[in-house]
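The values are calculated or read from the model by the stated rules, or taken from the named source; none is laboratory data. All values reported here derive from a predicted model rather than from experimental measurement. All Cβ positions, even for glycine, are placed from backbone atoms using ideal geometry, and neighbour counts span all protein chains on display.
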Amino acid sequence: MLELFSSGLVSLWLNMAGMPDAFTPLETNIQEIPWLINAPDPTAETVLKQYLKQLESQGLSNTTQGIWLQSGSTLLASNQGTTALPAASLTKIATSLAALQTWGTDHQFETLITATGTIQNGVLQGDLVIQGGGDPRFVFEEAIALGNALNKIGIIRIAGNLLVTHNFMMSFNDDPVESGKLLKQALTPKDWDEDATYEYALLPEGTRKPTVTIAGTVRQISSAKVETTPKQILLMRHRSLPLIDLLKQMNIHSNNEMSQMLADNMGGVSATIQKAMTAADISPQEIQLVNGSGLSMANRISPHAACAMLAAIDRYLHPRNLTIADLFPVSGIDSADTTLEGRSIPRAAVVKTGTLNEVSALAGVLPTRDRGFVWFAIINRGTDISNLRKQQDVLLQTLQKQWGGQAPIVKAIEPSSWIGTRQATLGASVRNEIVYGG
C-alpha cells in the first residue's frame, strides 16, 4: 500500500523538482508562477464559489479568506492563494520542514548528565548537572528512566544541588529552573503529583520507580560556568526520541513549546524561514514569521506556500520510505486526543490545523479517485471558529464526494514510524547511555 501512496505523488515530485533554481517572487497574480499549470477545475471552482458565498452571507469578506487547491502541478482553484495571511499553527509546517532540513529524520537531541563530585556509598558528594541539548519532549516518562539509570550507577542521594544549564525543558515548561524542579520531583516518587503518577502508569508494567533524593536546591548556571567547573564527571548521555517522532507529536497536538524550541535550536525564526523557503521554493512575500509556533497574528503564510511546504516535506520523506502521515495527523487514525478530535474531515486526509484568535486554518492532502492527491490550504478569518471549522470540513467532504474517495489510501498513508510505538518509546532505557564506570 505504501507504493500506492508513493506512486500517486510521483507526478508532483517530478514537477516540483523541475522548478527553476531562480524562483520568481510570487505576487497575487498566479500566472507568474512559472511551473504552475493554471487549469481551473469546474467542480472545484463551483464548490469554492458556493463556499465563499456562504461565508459572505455571514458577513465575512472574501478578501480575508485564503484557499488553494492543487493536484500535481495543476492549480484547481484559488482565492487569495498567494497572499500571506495570518496562519496560526500552520507555522508549524514551516518549522517541521526546516527541522528536517537541519537534522534529518533520525536525529536525537542529547542531554548530558554530569557530576561535580564522587559517588560514595550511594551518595553523590557534589552537584548533579543537567546540560540540556534541546530535547523538546523530555517528559516524566523520560525523567523516570533517567532516575532509574542514576540508581543503576549507584546514586540514591545527591548531597549538593541540581544544576541546570544550556537549553533544558521538561514537560513543555520553557523556564529552566521550573523544568529542573519538575525533574527533581520526578526522581522522588513520594513527591509525585497526579500528572507524574499518570505518566508513570503509561510505562511498561514492572517499570521501577526511581529513588534519587536531592538535598540542595535547583539552580540555573551559565554555560561558561559549567565549562570551568573543576572535577566534572560525565555520568550518562540521554538521547531524545528521533526527530520524526518528535515532529509527529508536535503536530498532532499542535504543541507550541516544542515548535518554538526547535525553531530556537535552528538559530531562530530567520533561519527557520530561510530553510523552509529554500526547501519549498517559495517567495519571501508568502512566508512572514515572527516565531516558530504560530502564536502571533504577525505569522503570515499564503495558502500556496502552506501547500508547497507540505509537498516539500513529502518529497523529503519519500526516499526514506516515510510519508507526511508520519509527521501530521491522519483523519480517522489520529483523531482521538489530537487537534482532529470532534472534526468531520474526510477519512485518510492528512492535515495540519491552526487556530488563533479569529483565525481558523487547515492545510493538508486529500485523497480522491478522479484528481488523485489534492493539496489544499484554507485560511479563514472570522469570530465563530467552531462554525468555520464545520464549513472547512463540509468543503472537503463536498470535494471528495464530487471527485470520489479512495478507500485503499487509508492503508497507504498510515504512519509507518510512529503508530503504536508511544508506550514502548517514551521512557525507553536504551536511550540512556551510561558512561560512568565507578
*May I ask you to verify whether Ser222 is surrounded by fewer than 17 Cβ atoms within 10 Å (Cβ to Cβ), closer than 22 Å to Met261 by Cα and not aromatic (Phe, Trp, Tyr)?*
yes
_Conditions first: (1) out of contact with any helix residue (DSSP H, G or I) (no Cβ under 7 Å at 6 or more places or on another chain); (2) surrounded by 15 or more Cβ atoms within 10 Å (Cβ to Cβ); (3) at pLDDT below 90. Gln400 passes all but one, so which condition is the exception?_
(3)
_Subset of region 33-79 (residues that are at pLDDT 95 or above, assigned to a loop (DSSP other than H, G, I, E, B) and either within 15 Å of Gly372 (Cα to Cα) or among the aliphatic types (A, V, I, L, M) (or both))_ = Leu60
*Consider Glu199 carefully, then state whether it is surrounded by 15 or more Cβ atoms within 10 Å (Cβ to Cβ), under 19 Å from Leu182 (Cβ atoms) and modelled with pLDDT of 95 or more.*
no
*When Gly267 is evaluated against the numbered criteria (1) part of a helix (DSSP H, G or I); (2) modelled with pLDDT of 95 or more, which criterion, by number, is the only one it fails?*
(1)
*Index of the failed condition, Asp106 passing every other in (1) part of a helix (DSSP H, G or I); (2) surrounded by fewer than 22 Cβ atoms within 10 Å (Cβ to Cβ)*: (1)
*Using the structure shown, decide if Pro230 is at pLDDT below 95 and either within 29 Å of the chain's Cα centre (by Cα) or among the aliphatic types (A, V, I, L, M) (or both).*
no
*Failed condition for Asn299, given (1) surrounded by 24 or more Cβ atoms within 10 Å (Cβ to Cβ); (2) within 16 Å of the chain's Cα centre (by Cα)*: (2)
*asked:* Step by step: first the residues of region 284-318, then only those that are of a type in the set (Gly, Ala, Ser), in contact with an Asp or Glu (Cβ under 8 Å, 6 or more places away or on another chain) and not in a helix (DSSP H, G or I), then the one that is nearest to Arg381 (Cα to Cα). Which residue is that?
replied: Ser302
*asked:* Looking for something in a loop (DSSP other than H, G, I, E, B) and under 30 Å from Leu396 (Cα atoms) - is there at least one such residue anywhere in region 87-101?
replied: yes
*asked:* Given the criteria outside any loop (DSSP other than H, G, I, E, B) and in the same structural domain as Thr64 (by TED's automatic domain parsing), does Asp195 qualify?
replied: no
*If you scan region 47-65, which residues turn out to be touching a strand residue (DSSP E or B) at 6+ places or on another chain (Cβ under 6 Å) and farther than 13 Å from Leu395 by Cβ?*
Thr64
*Would region 319-341 turn up any residue that is at pLDDT below 95, part of a helix (DSSP H, G or I), surrounded by fewer than 18 Cβ atoms within 10 Å (Cβ to Cβ) and not small (Gly, Ala, Ser)?*
yes
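Among the residues of region 153-173, write down those that are assigned to a strand (DSSP E or B) and either in contact with a Lys or Arg (Cβ under 7 Å, 6 or more places away or on another chain) or buried (at least 22 other Cβ atoms within 10 Å of the Cβ) (or both).
Those that are assigned to a strand (DSSP E or B) and either in contact with a Lys or Arg (Cβ under 7 Å, 6 or more places away or on another chain) or buried (at least 22 other Cβ atoms within 10 Å of the Cβ) (or both): Ile158, Leu162, Leu163, Val164, Thr165, Met170.
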*Go through (1) surrounded by fewer than 16 Cβ atoms within 10 Å (Cβ to Cβ); (2) touching a strand residue (DSSP E or B) at 6+ places or on another chain (Cβ under 6 Å) and name the single condition Leu235 misses.*
(1)
*Mind checking which residues of region 233-247 are farther than 20 Å from Leu112 by Cβ and either at pLDDT 95 or above or not in a helix (DSSP H, G or I) (or both)?*
Leu247
_Flag if Leu395 is among the aliphatic types (A, V, I, L, M), at pLDDT 95 or above, assigned by TED's automatic domain parsing to the domain that holds Leu97 and more than 19 Å from Ser96 (Cα to Cα)_ = yes
*Mind checking which residues of region 122-152 are crowded, with 19+ Cβ neighbours inside 10 Å and either free of Cβ contacts under 8 Å to residues at least 12 places away in the same chain or assigned to a helix (DSSP H, G or I) (or both)?*
Phe140, Glu141, Glu142, Ala143, Ile144, Ala145, Leu146, Gly147, Asn148, Ala149, Leu150
